[in-house]
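**Student:** Starting off with a structure, shown below.
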Amino acid sequence: MTSFTDILCPTPQGLYCPPGDFFIDPTRPSPRAVVTHGHSDHARAGHGSVLATAETLAIMGARYGEAFTPARQAARYGEKHRIGDATVWLSPAGHVLGSAQAVIEAHGRRIVVSGDYKRRPDPTCAPFEPVPCDVFVTEATFGLPVFRHPDDGKEVAKVLHTLELFPERCVLVGAYALGKAQRIIALFRRAGHDAPIYLHGALEKLCGLYTSLGVELGDLRLAKDADKVELMGRIVMAPPSALGDRWSRRLPEPVTAFASGWMRVRARARQGGIELPLVISDHADWDELTATLTELSPQEVWVTHGREDALVHWAGLNGLKAKPLHLAGYDEEGGEGPEGDGLKPPEAA
């Protein structure tokens, strides 16, 4: 009988599907790649061909230039593609705009690679859809019981309340450039904040791309075009790496906030000089990870990156056969490279 590793197996450059002769989110240039989403640790330039959602292809084009691959194939969610002896289709992952799980069917078996995912609603992308499968390949970025993300609305309300308390200051919100920044802006709009929101220049391109792809973000302006008086009582968004640099000194007494699942760790917020930590993540927390495994109840669980051992242990206690893959090359949150997190996550144990 065909084993699961005959259909999908870990290699030094990522997960490889022998029947289809393609890689999923390869970490090195590969002849054929299926890409789950646009973060730079999953979507790299230089592959011979790329199959992904139209949104992910657009994000890769914006980040790497339109020549990032000589052959691209846009796939709609649920649309089946025959590649060699395998059938591949994409299902929403709820992580960032265009994010997808890769579903592989071959030899009568089905393996689902989640990429990165979350289960809670996000106004900027399609929600995660559980796909019954024989093997579920999951991340474990926040795979420890201590990581339980609070309600997004309550976190966003902290910023709006701070603006009311300190109208002479601004709130400088650090957020990853792809996905998190746009989601935070959309959450502010959902909470009724319709005033202009000011951007660091590093966020302009991707916010513009989101808007062009149909995600409404409201009145956005560049912070560099405003003076201190105009920025009083306003929200200013920036990549985390800009929070403490010279750029932020021109802002009116900024209250520094940072949106990340790692803000659950108080020591990390203190180390980064964060006055207003916002526990908001685009990754599943412990409850979402374990609920997903319980719901899918696959024959096997493979854990790619993050806190693999804890999730594998939980799976074993709950009757699921699980193993860590220890894949290298995937960041723990964001995957944003030099424009992303300037605050490295501490050990979360």
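The values are calculated or read from the model by the stated rules, or taken from the named source; none is laboratory data. Only a predicted model underlies this, so the values are computations on that prediction, with no experimental measurement involved. Here the Cβ positions follow ideal geometry from the backbone for every residue, glycine too, while neighbour counts run over all protein chains shown. Side chains are part of the model used for accessible areas, which takes the heavy atoms of the whole protein and leaves out ligands, DNA and RNA. Shrake-Rupley method; radii C 1.70, N 1.55, O 1.52, S 1.80 Å.
**Student:** Amide H to amide H, which residues 5 or more places from Ala322 or on other chains are under 5 Å from it, using H placed in the peptide plane?
**Tutor:** Hits under the 5 Å cutoff: Val301.
**Student:** On to the next question. Can you check what the net charge comes to around Asp122, using other residues whose Cβ is under 12 Å from the Cβ of Asp122 (Lys, Arg +1; Asp, Glu -1)?
**Tutor:** On the way: positive: Lys118, Arg119, Arg120, Lys180, Arg183, Arg190; negative: Asp152, Asp282.
Net local charge, Asp122 excluded: +4.
**Student:** Restricting to DSSP H runs of at least four residues, report the calculated mean residue ellipticity at 222 nm for the chain, -39500 (n - 2.57) per run over all residues, nearest 500 deg cm²/dmol.
**Tutor:** Numbers: 9 runs with 83 residues, N = 349.
So the calculated ellipticity at 222 nm is -7000 deg cm²/dmol.
**Student:** Amide H to amide H, which residues 5 or more places from Ala75 or on other chains are under 5 Å from it, using H placed in the peptide plane?
**Tutor:** Long-range HN contacts for Ala75: Ala52, Thr53, Ala54.
**Student:** What fraction of the DSSP beta bridges in the range 22-112 is antiparallel, stated in percent and rounded to the nearest 5?
**Tutor:** Values: 13 of 20 bridges.
Around 65 percent antiparallel, to the nearest 5.
**Student:** Find, among the trypsin sites (Lys or Arg not before Pro) in the range 38-147, those assigned to loop by DSSP (not H, G, I, E, B) with at most 10 other beta-carbon atoms within 10 angstrom. Can you show the working numbers first?
**Tutor:** Details: sites: Arg44, Arg63, Arg72, Arg76, Lys80, Arg82, Arg109, Arg110, Lys118, Arg119; in loops: Arg44, Arg76, Lys80, Lys118, Arg119.
Sparse-neighbourhood loop trypsin sites (Lys or Arg not before Pro): Arg76.
**Student:** Which residue, Gly174, Thr294, Ile185, has the largest displacement toward the positive end of the dipole of the range 166-322 when charges sit on each Cβ (Lys, Arg +1; Asp, Glu -1)?
**Tutor:** Gly174
**Student:** List the residues, sorted by chain then number, that are 5 or more residues from Phe258 or on another chain and whose placed amide H is less than 5 Å from its amide H.
**Tutor:** Gly174, Leu276, Leu278
**Student:** Count the DSSP beta bridges whose two residues both fall in the chain, then state the antiparallel fraction as a percent rounded to the nearest 5.
**Tutor:** Numbers: 20 of 56 bridges.
Given both bridge residues lie in the chain, the antiparallel proportion sits at roughly 35 percent.
**Student:** Next up: In whole Hz, what ³J(HN,Hα) sequence does the range 277-285 give by Karplus (6.51, -1.76, 1.60; θ = phi - 60°), x for Gly and Pro?
**Tutor:** Karplus values, whole Hz, x for Gly and Pro: x, 10, 7, 9, 10, 9, 10, 5, 8.
**Student:** Ordered by residue, what ³J(HN,Hα) values in Hz, to whole numbers, does the range 217-231 give under the Karplus form 6.51 cos²θ - 1.76 cosθ + 1.60, where θ = phi - 60° and Gly and Pro are x?
**Tutor:** Result, rounded to whole Hz: 10, x, 7, 10, 9, 7, 5, 5, 8, 10, 8, 4, 5, 5, 8.
**Student:** Say R0 is 51 Å: what FRET efficiency, to the nearest 0.05, do Ala267 and His81 get from their beta-carbon distance?
**Tutor:** The computed FRET efficiency comes out at 0.65.
**Student:** Also, I was wondering about something else. Specify whether the C-alpha gyration tensor of the range 163-310 places it in the rounded, prolate or oblate class, a ≥ b ≥ c being the square roots of the eigenvalues: rounded for a/c under 1.5, otherwise prolate if a/b is larger than b/c and oblate if not.
**Tutor:** Prolate, because a/c is 1.5 or more and a/b exceeds b/c.
**Student:** Across the range 25-37, in residue order, what do the Karplus-derived ³J(HN,Hα) couplings come to in whole Hz, using 6.51 cos²θ - 1.76 cosθ + 1.60 with θ = phi - 60° and x for Gly and Pro?
**Tutor:** Per residue, the Karplus-derived 3J(HN,Hα) values read 6, x, 8, 10, x, 9, x, 9, 10, 9, 10, 7, 6 Hz.
**Student:** Same structure again: When the accessible area of the chain is computed with all protein chains present and a 1.4 Å probe, what percentage of it is carbon and sulfur?
**Tutor:** Numbers: 7110 of 13750 Å².
Here it works out to 52 percent.
**Student:** Given a 1.4 Å probe, how much area per residue of the chain is accessible, in Å²? Write down the numbers at each step before the final one.
**Tutor:** On the way: 13750 Å² over 349 residues.
Result: 39 Å² of accessible area for each residue.
**Student:** Below 13 angstrom from the Cβ of Ser248, what's the summed charge of the other residues (Lys, Arg +1; Asp, Glu -1)? Before the final figure, lay out the partial values.
**Tutor:** Values: positive: Arg169, Lys224, Lys228, Arg246, Arg249, Arg250; negative: Asp245, Glu253, Glu275.
Summing Lys and Arg as +1 and Asp and Glu as -1 gives +3.
**Student:** Could you list the residues of the range 289-303 with an amide nitrogen less than 13 Å from a label point located 7 Å from the Cα of Phe4 in the Cα-to-C-beta direction?
**Tutor:** 293, 296-303
**Student:** Lys323 versus Ser49, label points 7 Å from Cα toward the beta carbon: distance in nm?
**Tutor:** 3.0 nm
**Student:** Of Lys205/Lys228; Lys205/Lys323; Lys118/Lys321; Lys118/Lys323; Lys158/Lys224, which ones are farther than 29 Å apart at the Cα? Display every interim value, and only then the final one.
**Tutor:** Details: Lys205/Lys228 24 Å; Lys205/Lys323 39 Å; Lys118/Lys321 22 Å; Lys118/Lys323 21 Å; Lys158/Lys224 25 Å.
The pairs that break the limit, which is 29 Å between Cα atoms, are Lys205/Lys323.
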